[in-house]
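Any read-out appearing in this document is the output of simple, stated calculations on the displayed coordinates, not a laboratory observation. Small disclaimer: the values here were computed from a predicted structure and weren't measured. Here the Cβ is made from the backbone with ideal geometry for all residues, glycine too, and neighbour counts use every protein chain on show.
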């Protein structure tokens, strides 16, 4: 369901490529999360969500959608859910690469 990627490689590649890999990761994550969970705040399509990343608000939308979609996949599999929206939003605003690492880790666990 989700592409399994090393969290360390996501962080290192994002830093080494000056954020270009981060944008590719965001696109892939947005698409995979939307396909798996089917949830989107404000019914935003993945393309619109990606475009919003170029504005400050995009990280907030991604954080909310990522948490909603990860919890939906957990619900479908009967796994207890957890509300990480607040953590994801704070990290998206202050330290986006840490949010990317946490989301990728959750995606890897749900594989």
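From helices alone, the chain scores -23000 deg cm²/dmol at 222 nm; the rule is -39500 (n - 2.57) for each run of n ≥ 4 DSSP H residues, then divide by the residue total.
Looking only at the stretch 45-71, which residues have a backbone nitrogen under 16 Å from a spot 7 Å from the Cα of residue 3 in the C-beta direction? Answer for this model: 47, 50.
Calculated over the chain, the projected area of the Cα convex hull averaged across directions stands at 6.1 nm².
Over the stretch 25-75, Cα pairs under 8 Å with separation of 6+ residues give a relative contact order of 47 percent. Taking the alpha-carbon centroid of each part, what is the distance from the stretch 59-89 to the stretch 1-57 in angstrom? With the stretch 59-89 and the stretch 1-57 each reduced to a Cα centre, they are spaced 14 Å. Note: relative contact order over the chain, using C-alpha pairs below 8 Å and six or more positions apart, is 35 percent.
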